[in-house]
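What follows is a short report on a single structure.
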Amino acid sequence: MNVSVIVPVYNVAHYIDKCIKSVIRQTYKGSMECLIIDDCGTDNSIGIAKKIISTYKGPVKFQILYHNRNRGLSAARNTGVEHALGDYIYFMDSDDEISDNCIETLAGIATKVPDADMVIGNYKCVPRNKNNTIALDMRLPEEMIYHEEIAQAFLSHRIPMNAWNKLIKRSFILEHQLLFNEGKVFEDVHWSFYMTKYLNNIRIYKGVTYYYHMRPSSIVNTTDSWNTGNSFKVIYEDILQQLTEGWEAKELNCYVEGFCKRYLQYRTIIPEYENLYKVYSSKAQDFGCKEVLLKLRLAYMMGKVPFGLGILGMMKSAKTGVTKIKREFN
């Protein structure tokens, strides 16, 4: 089995060394390539990567692919998919690391269960300047072979909405055109929404295969308000237009808290959120989602008073007649 590891690189000079070396340390005995996508950063990230690769003599086939301008994480991942030769694709971020047995373990499961579209490992969060790590407890069965069960796991966030740390059949990605929406941030949420439409067979490995480094200069922490708000607007617009037949109510309920939060954050700087609110309400009405309508109405009223967003945050811990809202994003 040939595995393609796709690593987009942009301004991660302090992290790229550990990232590349974690790929080099892989114990996997099969064919493996690592595609590093240079997304035109302003630091020496690619220089560091080149230096490490130049002295490497092992079995992993490294290749650096170059963008002619900065195009963003989504475009970099898409470039990786376009050039990948592997039977399976594994996305990883260039400021993170994988365990030495990551690819061996996930590929081993995929070999034993060739019908599995995806194999998912567990991960640990590594806080900045701290030695302790925080492991995610997925509490999922190792075998999931029904679309309904898989979709519910994604929608309830028991399976994280991240592209990384998932070994995915390349043919599955290409067949369903599961590429990333270029030019937007938080693209993983959008990508996962479409992924759940087609997944019918996945396997869960509960051991840790990925180390997610929490850093203040990540995309999540540096994107300006207008771009963040606009990206979420595009995501919600598309989700509301592409609800999965039979799952409309569950999807509307899954995304409503995140929408309410972004509605309160960005409605004053992005007027289109008001129309999006009306569309969300109309969809909720169509599919009989009373709790969703209530949450939307509460958000609308909070938008008319000062500190509405803070009130929404306090409501998460309050005991009300409404089912406790689950967090939309990790």
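Determine, yes or no, whether ILE98 is at pLDDT 95 or above, crowded, with 21+ Cβ neighbours inside 10 Å and β-branched (Val, Ile, Thr). Considered against the rule, which asks whether it is at pLDDT 95 or above, crowded, with 21+ Cβ neighbours inside 10 Å and β-branched (Val, Ile, Thr), ILE98 comes out as yes.
Taking the criterion of being within 22 Å of LEU85 (Cβ to Cβ) and of a type in the set (Ser, Thr, Tyr), would at least one residue in region 196-207 satisfy it?
Initial filter on region 196-207 (within 22 Å of LEU85 (Cβ to Cβ)): none.
Checked region 196-207: no residue is within 22 Å of LEU85 (Cβ to Cβ) and of a type in the set (Ser, Thr, Tyr).
Pairs linking a residue in region 154-166 that is in the same structural domain as ASN200 (by TED's automatic domain parsing) and touching a residue at least 40 places away in the same chain (Cβ under 8 Å) to a residue that is of a type in the set (A, V, I, L, M, F, W, C) and assigned to a loop (DSSP other than H, G, I, E, B), with Cβ atoms under 6 Å and 6 or more positions apart or on different chains, are TRP164/MET92.
Let's see how each residue does on (1) acidic (Asp, Glu); (2) surrounded by 22 or more Cβ atoms within 10 Å (Cβ to Cβ); (3) on the phi > 0 side of the Ramachandran plot:
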position	(1), (2), (3)
ASP39	yes, yes, no
SER45	no, yes, no
LYS57	no, no, no
ILE64	no, no, no
HIS67	no, no, no
ASN70	no, no, no
GLU104	yes, no, no
PRO127	no, no, no
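Checked against (1) in the same structural domain as LEU155 (by TED's automatic domain parsing); (2) crowded, with 17+ Cβ neighbours inside 10 Å; (3) not aromatic (Phe, Trp, Tyr), LEU264 meets all criteria but (1).
Residues that are within 19 Å of ASP96 (Cβ to Cβ) and at pLDDT 85 or above within region 127-169 comprise ILE159, PRO160, MET161, ASN162, ALA163, TRP164, ASN165, LYS166, LEU167, ILE168, listed in sequence order. Scanning region 83-94 for residues that are under 23 Å from the mean Cα position of the chain (by Cα), farther than 18 Å from ILE173 by Cα, buried (at least 23 other Cβ atoms within 10 Å of the Cβ) and among the small types (Gly, Ala, Ser) turns up at least one hit. Exactly one residue out of VAL256, VAL279 is surrounded by fewer than 17 Cβ atoms within 10 Å (Cβ to Cβ), closer than 21 Å to LYS184 by Cβ and either modelled with pLDDT of 95 or more or in contact with a helix residue (DSSP H, G or I) (Cβ under 6 Å, 6 or more places away or on another chain) (or both), and it is VAL279. Scan region 230-247 and tell me whether some residue there is outside the structural domain of ILE20 (by TED's automatic domain parsing), out of contact with any strand residue (DSSP E or B) (no Cβ under 9 Å at 6 or more places or on another chain) and over 23 Å from PHE154 (Cα atoms). So far as region 230-247 goes, yes, one or more of its residues are outside the structural domain of ILE20 (by TED's automatic domain parsing), out of contact with any strand residue (DSSP E or B) (no Cβ under 9 Å at 6 or more places or on another chain) and over 23 Å from PHE154 (Cα atoms).
The values are calculated or read from the model by the stated rules, or taken from the named source; none is laboratory data. Keep in mind that what you see is a predicted model, and the values were worked out from it rather than measured. Don't worry about glycine lacking a Cβ; one is built from the backbone with ideal geometry, like all the others, and counts go over all protein chains shown.
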